[in-house]
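Just below is one structure, and these are the notes that go with it.
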Amino acid sequence: MKSLFAQYGVLLVLLGLCLLFSSLTIQSESATGESAAEALVERVWGEVEPTDDIIVAGAARKESGDFAEQVGELFEEKGKSVIVVIGSPRDLKLEFDKIRAAGSQLGALVVSDDTAKWGPADDFAAANPGKVYSATARTWPDFLTPGNLIAVVDRIVVIAVIAIGMTLVILTGGIDLSVGSLIALSAVVATTLMKWLGGLEASAAVVVLGFLLATLLCGGVGALSGGLVAWFRVAPFIVTLAVMMVARGAAFKFTGGFSIYQVPEALTWLGHGRTLGIPNTVILLVLLYSIAWIFMERTKWGRYIYAVGGNEEAARLSGVPVRFILILVYTVSGLAAGFGGCIQASQIASGAPNLGLMFELQVIAAVVVGGTSLSGGSGRILGTLIGAFIIAVIQNGMNLVGFDSYTQQIVLGAVILGAVLVDQCRRDQWDAFRRLRKKS
């Protein structure tokens, strides 16, 4: 049992959190989807006179709006022309007024849970009982709705990407506090370049060029941090704290403190686009973590990183290029932070110098919660991905349940502290085991 928990503990924690928030967010709501729409149309078709008007109401930019369009199309297939209202309560009231002015008879009002609460719909239901139709209610957790699960991935993608580099740094026994500021620096450099090279009319090639140069710039900053740690033996905490301040200041200086909105439409493809129906962010996470896993588990350089974190002096005496490894991990961390800034710029379609505030703490939390030891030498890259999802699920679940922001900070702080304590207890047990072996 101990062995099972040691290997799959973080995954079990993630599954437990998903079950917890699923049980806490169970709601009764109108069913949506093709089968629910077909059943609803058949029910209305059998009860309404062929000459009566039918209104199908849905809210703009919400799931009920898509459902209303689907119901309207199914009625059209049956040869029945219906009035589809997708908008606001005022739009629905205007349609009621048009029908009354024409002297027509409204035979049915088809609504969803949200549109049923509109004032005009409520008034019509009170005056015409039995003429308001909605899909059969279903009980389903809000946490497990497709839209919410996509929101979890969108929330975590930047953190998870940057956490790859942070994992490598922490495995060597270091820390990188500059990643949040590098997000902002990367975003403003990339979007400024797009603004200079065409602005709203810039091509996709300009977007790629902006992303590439911004990512490489941050990689260079990371290499500088690694060089200071490797050659001058400056504490990583001090080096990256200084770089954090310099990078944030440079981002504000570069833009004059203003956000950059003159960006091409192609910018949003990475953060919001889909390939073969799969969100690009999901494809990106799978690709990057697959590469990182192969690098850490199947190459000698990955083994060197573990060796440096386990015992730097022993690694040096064994022929491991310790200085090169330290520079490498900080460079990768800078590249990851730079690319994370590009992703965030794509998600919000702009670049701002205040992006990435406090992200370094969330990234470190994801790495630690995922099982990587702060003392170095122990951890797994896939554990980091699970740790990032744990942080995202906790934040998302607390939002759905209705926790205020202060309570969320308390809970997240407690989670991080608990992960550190678990790591410390694990290391203490390992040290005690080694002492016993020496005595025997």
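Assorted remarks:
- The range 51-67-the range 205-274 distance, computed between alpha-carbon centres (Å): 46 Å
- If the chain linking VAL420 and ILE83 were pulled fully straight, counting 0.36 nm for each residue of separation and taking away their Cα-Cα distance, it would gain 115.4 nm.
- Between helix 179-196 and the chain: long-axis angle, C-alpha atoms, 0 to 90°, nearest 10: 60 degrees
- Solvent-accessible area per residue, Å², over the chain with all protein chains present [probe radius 1.4 Å]: 50 Å²
- Distant-in-sequence amide contacts of ILE26, defined by a placed amide H-H separation under 5 Å and a gap of 5 or more residues or a different chain, comprise ASP142.
- Helix 359-369 axis versus longest C-alpha principal axis of the chain: approximately 80°, rounded to the nearest ten.
- Take every DSSP beta bridge whose two residues both sit in the chain; close to 40 percent of them are antiparallel.
- Surface share of carbon and sulfur [accessible, 1.4 angstrom probe, percent] for the range 51-161: 51 percent
- For semi-axes √(5λ) of the Cα gyration tensor in Å, calculated from these coordinates, the label among [x] 52, 27, 17; [y] 39, 26, 21; [z] 48, 25, 18: [x]
- Modelled spin labels at ALA235 and PHE254, positioned 7 Å past Cα toward Cβ, are 2.9 nm from each other.
- Rolling a 1.4 Å probe over the protein heavy atoms of the range 232-379, with every protein chain left in place, gives an accessible area that is 69 percent carbon and sulfur.
The values are calculated or read from the model by the stated rules, or taken from the named source; none is laboratory data. For clarity, every value in this text was computed on a predicted model and none was experimentally measured. A quick note on method: Cβ atoms are made from the backbone with ideal geometry, for glycine too, and the neighbour counts reach across all protein chains shown. Each accessible area value is taken on the protein alone, full model and side chains, heavy atoms only, with ligands, DNA and RNA left out. Shrake-Rupley method; radii C 1.70, N 1.55, O 1.52, S 1.80 Å.
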